[in-house]
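Report on the structure given below.
The values are calculated or read from the model by the stated rules, or taken from the named source; none is laboratory data. In this text, all values refer to a predicted model and were calculated from it rather than measured experimentally. All Cβ positions, glycine included, derive from the backbone under ideal geometry; neighbour counts span all protein chains shown. Heads up: the accessible areas ignore ligands, DNA and RNA and are worked out on the full protein's heavy atoms, side chains in. Shrake-Rupley method; radii C 1.70, N 1.55, O 1.52, S 1.80 Å.
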Amino acid sequence: MSTATVQKRGIVERVSKSWLYIGLIGIGLVSFVRIITDTNDLTAAGTIRAAIIATCPILAAALGGLWAERAGVVNIGLEGQMILGTWGAAFFTYHYGPWVGILGAALLGLIGGLLHAIATISFGVDHIVSGVAINLIGAGVATYLAEAIFSDYEGGGPRQLNGLEAPAQITIPGVSDLAKDIADQHWFFVSDVAAFIQAMTTNISTLSLLIFALVVVSAVVLWRTSFGLRLRSCGENPQAAETLGVNVYRYKYIAVLISGALAGIGGGFLALVASSGFSTGQTGGRGYIGLAAMIFGNWRPGGLLAGALTFGYTDSLRLRDTQSVHSLLLVVAIGLLAFAAWRAYRRQVRGAVTVAVVGVAVMAWFLLTDAVPREFTVMTPYVTTLFVLALGAQRLRMPAADGAQYRRGSAG
Amino acid sequence: MNRFNLRAVGLSLLAPAIAIVLSIIVTTLVIAAVGSSPGEFWSTMFEMPKPRLRVDILNQTVMIYIAAIAAAIGFRMGLFNIGLEGQYTLASFAAATFAGAAYLSGFANVAASVLVALVVGGAWAGIAGILRTTRGVSEVIATIMLNSIAITLVGYFLNNYGVKEGNSVHTKNLDPGSTVGGFSPFEDRDGEIWALGLIAVLVGVGFWVLLNKTRFGFDLRASGQSESAALASGINPKRMILISMVLSGAVAGLIWMPALFGGARNYGTSFQAGLGFLGIAVALLGRNRPLGMLFGALLFAFLSVKSNDLTFGTDVSPSIVQITQGVAVLAVVVTYEVVRRWRTRLEQRAVSRELAGPTEVTA
């Protein structure tokens, strides 16, 4: 018992340590490229601020995906639940202010989750089929309700509702100023970290902080409580869980409801913080990206945070100047070549060659061109996902019974 | 035996019937909830459509039906090709570009362009197939990503190489010689039923023949039902996955062809997005059966086209139809599942009765 816990703690520490190293190396690499290409915009506080805003909805959706899939339910309906969340946030904020608005977003998302739970858990419908249907319904309901209700509101129209009050922003005075001073020096590494701190402490939305906090809360609840253990057991081996007296249906229901609510909050963020109000179609596939971020992150909170930050950062780039996007190619090229070298060192020759070829190609692209077309930056998250999956699908491990049908009493 | 079959048919019609009733109820409730009049809505929807709309409905049915067949090819294999949207967007753009360039003339141009659409759609789906068979990447995630990439790519090409006209961008217009006419069943101003709509008939019949009358179709259905059993009987499941993915994408490439050569004449603002997702919905609704999907496609086309009348006649917004369609899909998959379980229980009971019967006699 005690050795088991010691060993487990050892693994957790090792994993979080390796994330720390990857993070530090990443910052160092970006910082290096920033200095040699002289594009300070790459890690300016403004860039990071935009990246955080782009990250939050993806992160909330990814967390939603994590909860559902850890209990063994695939939730492709995240997109639809997010869309419902945008409408809920707009409606409740208009009447009762932003915090009730966020609750409203969570509530509408939760209703979408409930629909998914009833179909998949109680009726045993294929998870993906149900998810697709929920995406259709979510888009339809949000559009219809917006046209029917928002047209009569002040600042509203059939397809949007503007002038919504946003949740409060926070600035931590001393830290913010100090970080800004250091960031403005453009030193190697130190200034990049300072710029990140500056962005996190200056005019940051409380809703962003809430979503980041939810990642920590989810990690603790799912991996450190007996409730979380039971919930995850439903995703790994529901039959075994049932024989141990776990009410599998109830846990799956709870998980999918939380999943929908989180996706709804992500939608609410889009309507209240990321843009100036509700508009139809503003999720733009971020529910799918959230799902991809979660897979990218190997069904783990730390991993999906990294995934969401990566996608959020690239997503925010389409608003920035093309110069910094171009420098980013160098970051990617060096990263890929380093990865290839590491693989070669581990004697994985074929993988090393594939990665090296792509790395050289990206390097050539960087050297031979001056700018990257804006459309290509839009594509980045999708191409990255495909690439990561193609290279790493064998090393990813999803919950063993994820997406499988489970009937009460099917054990033994 | 015969009576049992009759009951089986009855049971399989039960699910769509329940689904339609349920979606009618939900739609009515939603309309009433926002304070509009459901009665007005239904009377507008079920009025006989005007001739122009009847032509529209037929043309829409054709495209949705092709999309449904494309989805069904994947489903039958146990594959979820959610990437129809990207496949037909890219294929339509490629075909329109090729046709607009007018390397060939007249009918040869049309035939070659349709071939381009087939190849591009198949190749784009093939990427997901290759990722699945060589790297084990789920085709669901891969095709979702490929959708976004395809749509962005088309946007890029269109912006950089398209013909600009005012605020809109489109590919080069077709030669008048390369358009394919249609039949006007009513007056000329009511529009034409596209001649290339015949593609839908070919695809539908082809799907049925392929699935039910060929060795390949048997292999396909077998691997869809159990990959390990298929492998044991000498079918290479990886090859089947790749082939059916490519086939599904190739058919998806055809979706918009009737419109391109019928009325649109270029890829641009008149391109109709979202047919891929409708096709998936209709395939689910029609249970992947050629006739069932035809019925589903007709229903969805009717709802979509007829909803335009709502803007004039009522204060109900046309987007309500999206809810009706979504609920119909969810309801149909749920009721199929319920009916399936019910039928299994009935069969189990019948079998146990038959087994129990003789023993009682001998005892």
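Things worth noting here:
- Overall form of the stretch A:34-80 per C-alpha gyration tensor (a/c, 1.5; a/b vs b/c): prolate
- For chain A, the share of alpha carbon pairs falling in successive 20 Å distance bins from zero is 25, 55, 19, 0 percent.
- Two-site label geometry, B:F186 and A:V217: point separation in nm, points 7 Å out along Cα→Cβ: 5.7
- Most positive-pole-ward Cα, B:F41, B:I69, B:F80, against dipole of the stretch B:12-92 from beta carbon charges: B:I69
- With the convex hull constructed from alpha-carbon coordinates only, the stretch B:250-363 shows a mean projected area of 11.5 nm² over all directions.
- Each residue of the stretch B:221-232 is assigned a 3J(HN,Hα), and the resulting list reads 5, 5, 5, x, 7, 8, 5, 5, 5, 4, 4, 5 Hz, derived from the Karplus form 6.51 cos²θ - 1.76 cosθ + 1.60 (θ = phi - 60°), x at Gly and Pro.
- Based on C-alpha pairs under 8 angstrom that are at least 6 apart in sequence, the stretch B:247-363 has a relative contact order of 16 percent.
- DSSP-assigned coil residues among GluC sites (Glu not before Pro) in the stretch A:144-189, each with at most 15 further Cβ atoms within 10 Å: A:E154, A:E165
- Restriction of the GluC sites (Glu not before Pro) in the stretch B:143-237 to DSSP coil positions whose beta-carbon has at most 11 other beta-carbons within 10 angstrom yields B:E187.
- Dipole magnitude for the stretch B:226-351: about 500 debye, using +1 per Lys or Arg Cβ and -1 per Asp or Glu Cβ, origin at the Cα centre.
- Based on Cα contacts under 8 Å between residues 6+ apart, the stretch A:292-406 shows a relative contact order of 33 percent.
- Rounded Å value of the spacing that divides the Cα centres of the stretch B:124-201 and the stretch A:337-395: 30
- Using equal-weight Cα scatterers in the Debye expression, the normalised intensity of the stretch A:265-412 in log10 at q = 0.21 Å⁻¹ is -1.39.
- Dividing the helix sum by the residues of chain A, where each DSSP H run of 4 or more adds -39500 (n - 2.57), gives a mean residue ellipticity at 222 nm of -24500 deg cm²/dmol.
- Between amide H atoms placed 1.01 Å from N, distances below 5 Å from A:G156 occur with A:N162, all of them 5 or more places distant or on a separate chain.
- The protein assembly as shown: C-alpha gyration tensor shape, a/c 1.5 cut-off, then a/b vs b/c: rounded
- Rounded to the nearest 20 debye, dipole of chain A from Cβ charges on Lys, Arg, Asp, Glu: 1740
- For A:V125, the residues whose amide H sits under 5 Å from its own are A:T120, ignoring neighbours fewer than 5 places away on the same chain, with H placed 1.01 Å from N.
- Evaluating 6.51 cos²θ - 1.76 cosθ + 1.60 at θ = phi - 60° for every residue in the stretch A:111-119, the Karplus couplings come out as 4, x, x, 4, 4, 5, 5, 4, 5 Hz, glycine and proline recorded as x.
- Its residues counted as N, chain B yields a C-alpha radius of gyration over 2.2 N^0.38 Å of 1.11.
- When the charge dipole of chain A is built from unit charges on Cβ atoms (+1 for Lys and Arg, -1 for Asp and Glu) and taken about the Cα centre, the candidate among A:V383, A:S276, A:S324 whose Cα reaches farthest toward its positive end is A:V383.
- Rounded to the nearest 20, the size of the Cβ-charge dipole of the protein assembly as shown about its Cα centre is 2860 debye, with Lys and Arg at +1 and Asp and Glu at -1.
- Rg to Rh, two decimals, where the stretch B:62-133 supplies the alpha carbon set and Rh follows Kirkwood: 1.04
- The apolar share of the surface of the protein assembly as shown, taken as the fraction of accessible area on carbon and sulfur atoms (1.4 Å probe, ligands and nucleic acids excluded), comes to 65 percent.
- Largest to smallest accessible area among A:E375, B:E347 [probe 1.4 Å]: B:E347, A:E375
- A Förster distance of 41 Å, applied to the separation of the beta-carbon atoms of B:V34 and A:F227, puts the FRET efficiency at 0.60.
- Each residue of the stretch A:343-355 is assigned a 3J(HN,Hα), and the resulting list reads 5, 5, 4, 7, 6, 9, 4, 4, x, 4, 5, 4, 5 Hz, derived from the Karplus form 6.51 cos²θ - 1.76 cosθ + 1.60 (θ = phi - 60°), x at Gly and Pro.
- For the stretch A:49-184, the Kirkwood hydrodynamic radius comes to 16.7 Å, computed from all pairs of different C-alpha atoms.
- For A:W365, the accessible surface of its heavy atoms amounts to roughly 90 Å² (probe 1.4 Å, protein chains only, rounded to the nearest 10).
- Think of the protein assembly as shown as having a plus end and a minus end, set by charges on the Cβ of Lys, Arg, Asp and Glu; of A:Q185, B:V116, B:T97, B:V116 sits farthest toward the positive end of this dipole.
- Kirkwood Rh and Cα Rg combined as Rg/Rh, the stretch A:77-149: 1.04
- Extending 7 Å from the Cα toward the beta-carbon at both B:T134 and A:R350 defines two label points whose distance is 1.0 nm.
- Accessible surface buried upon A-B contact (total; probe 1.4 Å; Å², nearest 100): 3600
- Gap separating the Cα centres of the stretch B:230-290 and the stretch A:266-328, nearest whole Å: 29
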